[in-house]
1. Among the listed residues 31, 42, identify the single one that is at pLDDT below 95 and either assigned to a loop (DSSP other than H, G, I, E, B) or more than 14 Å from the chain's Cα centre (by Cα) (or both).
2. Checking the structure you have, find out if any residue of region 24-41 is closer than 14 Å to residue 98 by Cβ and in contact (Cβ under 8 Å) with a residue 60 or more places away in the chain.
3. Name the residue that is farthest from residue 89 (Cα to Cα), counting only residues in region 100-122 that are loosely packed, with under 14 Cβ neighbours inside 10 Å and in contact with a strand residue (DSSP E or B) (Cβ under 8 Å, 6 or more places away or on another chain).
4. Do you know which of the residues in region 46-75 that are in a helix (DSSP H, G or I) and within 19 Å of residue 101 (Cβ to Cβ) is nearest to the chain's Cα centre (by Cα)?
5. Quick one: would you say residue 69 is modelled with pLDDT of 95 or more, within 30 Å of residue 39 (Cβ to Cβ) and crowded, with 16+ Cβ neighbours inside 10 Å?
């Protein structure tokens, strides 16, 4: 009779350990999936921010006096850009790419437009 209780308790303990291991693996898989999804969205937001930066550069190339704002919608996200003049041929382009809750930013500083656009810096940032 005692042996039956020992066997029953052993089966319960092994079952509880098995459930705990299975639950841990499922939670780790979900966490990994969420991290991968956020990473993919971050890459897409960066691409959008760079696309808006390129759009701002094209606007300056088309019209050397250009200042203003614009936006693009591509795929699952959107981006905006602002071109600001700091006198002479100095310009700053600030862009924001957004996919889901992920925001990526780019800031470009230009010190010459003609004959070629001279980019002094191209800085990328991440905001959450």
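The values are calculated or read from the model by the stated rules, or taken from the named source; none is laboratory data. Remember, predicted model here, so these are calculated numbers, not experimental data. Ideal geometry is used to build each Cβ from the backbone, glycine not excepted, and the neighbour counts take in all protein chains shown.
1. The match here is 31.
2. yes
3. 122
4. Keep residues of region 46-75 that are in a helix (DSSP H, G or I), which gives 46-62.
With within 19 Å of residue 101 (Cβ to Cβ) added as a condition, the list becomes 46-49, 52.
Details: 46: 5, 47: 8, 48: 9, 49: 9, 52: 14 Å.
Ranking the qualifying residues of region 46-75, first place goes to 46.
5. Numbers: modelled with pLDDT of 95 or more: yes; within 30 Å of residue 39 (Cβ to Cβ): yes; crowded, with 16+ Cβ neighbours inside 10 Å: no.
No; evaluated as a whole, the condition is false for this residue.
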